[in-house]
1. By its C-alpha gyration tensor, with a ≥ b ≥ c as the square roots of the eigenvalues, how is region 66-135 shaped: rounded for a/c under 1.5, else prolate for a/b larger than b/c, else oblate?
2. Take the Cα pairs of region 154-197, get the Kirkwood Rh, then feed it into Stokes-Einstein at 4 °C and 1.567 mPa s and tell me D in µm²/s.
3. Taking 31 Å as the cut-off for C-alpha to C-alpha distance, list the pairs among K412/K447; K13/K447; K229/K473 that go past it.
4. Hey, what D do you get for the chain in µm²/s if you plug the Kirkwood alpha-carbon radius into Stokes-Einstein at 37 °C and 0.692 mPa s?
5. Taking 2.2 N^0.38 Å as the expected size of a compact globular protein, what ratio does the Cα radius of gyration of region 418-490 give against it, to two decimals?
6. Quick check: Cα centre of region 10-61 to Cα centre of region 251-276, how many Å?
7. Based on DSSP H assignment, which helices of the chain show an axial Cα extent of at least 15 Å together with a mean Kyte-Doolittle hydropathy greater than or equal to 1.6?
Amino acid sequence: MSNNQQKITVVEKIGYSLGDLSANLIFQTLMTFLAFFYTDVYKIPPAAASAIIFAGGMVGAFFTPVMGIIADRTSTRWGKFRPWILWTAIPFGVIALLAFSTPQFSEGGKIAYALITYILLVLIYTANNLPYSALSGVITGNMGERNSLSSYRFTAVMIAQFVVQALLLPLVLILGDGNQAIGFEKVMGIFAVVGSIFFIITFLTTRERILPPAKQKTKISSDLKDLVKNKPWITILTLTVFLFITLSLRGGMLVFYFENYLGDEYLAAFLNGIGFNNFILGLNNFFLGFGLVGFQWPEDPSTSGFSLFNAGGIILMIIGISFSKRLADRFGKRDVFRIALFLSAVCVLAFFFIPAHMVGMVFIFQLLHGFLYGLTIPLLWAMIADVADYSEWKNNRRATAIVFSAMSFGLKSGLSIGGALVAAILAALGYQAGAEVQPEQTEQGIKLAVSVLPFLTFMVGVACLFFYEINKKTEIQIEKDLMERRAQTN
């Protein structure tokens, strides 16, 4: 197939990106609010919540390579990966709703229910998201188009992230009329319906164009042997684990940082000073003018501050994503990723030095972090597609899904470790859910968990990228050689 024939339309790029929007309505909720939901909404003890998040997440992580093997050996008239997106669309939504429901059991019953539903959720997420991710490696072999596809995809991710991180808590309070348990169920019900529809659109609008070599053998042992010899795969696996430990730990702890470290007094003064409160008053009056009395923005300063903080960071991430392709095309994915991740880590570390009353500085460094981290977001998934090409280039065999299993395994293990750390740190610090004032050691521990600890795990990711062999020159050579091989076999 020629390089030009692998150009993909805007419709297909948007259709593909809707799948990640759907998955991230759930994934971003898990990463940002799961520990909060278990401890503060469902009233599970922090230590038990930590065990649930770790155990459930690791079950999903170790299911990932199994799903990769299954997906690579799926053969239907729709392809290898697209059918899984269709088959899991509705079950994904149903299980997500169950996982954020709050049936009134005893404490032991709550723990059992949370563990079972979380395990089911990470399993169905794997069965959906691993084939979805692998699909990006077979839609096109054109490196430029692949970078473009990643940019579309992660713009959709940012939209989902904005909805979850900036609007979910206010929506929970609005739709639950102040009852967070009811609010979570209603919001997740909306996410379930929208997500299932978008997954079906992804299935209908995409095509699989890159096929394994016709004479390729499909022995599992050969796939695993290829992985062990694939140094870029090992590097990406390690990088992904530490990235998602960072994102899950910091993302999950920030809600506690706003509620317990910054505090309502400083946040209220900041929000009033920048005119946010007047804006919300006008917005509330606007809705009241139409008789929409149920759509009043919550008055809680920590909820407003957290939502505005996340919204600003996400907007800057989207701007960063818009620059990512051009920089990657010019300098190569690896080098752009490495520099941007280092600078992003420095911005995270700055939170350790900012006292609670300097709320404006908290927002400034979040904006800087958002832009810099946004540069890296499309690159990670585009790089794992490059790793699949690298494996085919080196071994004359293509096993896209099992290569993408590195990303999915790293994502789930990082999510489970980071999320478990949130609850474990809270338990170790003596955190009391719902208490108006936390002990000083708890507040300082929360600050460490959103600054120093994520800085260190980000820096491990920076170090990994010094061992990643696929630079700009190698990208070009791989693309050229594979196009020639595929042209000879078609």
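1. Verdict is prolate for region 66-135.
2. Result for D is 121 µm²/s.
3. Those over the limit are K13/K447.
4. D = 143 µm²/s.
5. 2.08
6. If we compute the Cα centre of each part, the gap is 24 Å.
7. The qualifying helices are 180-205, 400-428, 452-464.
Computed from the coordinates by the stated procedures, all read-outs in this text should not be read as laboratory data. Keep in mind it's a predicted model, so treat the numbers as computed, not measured.
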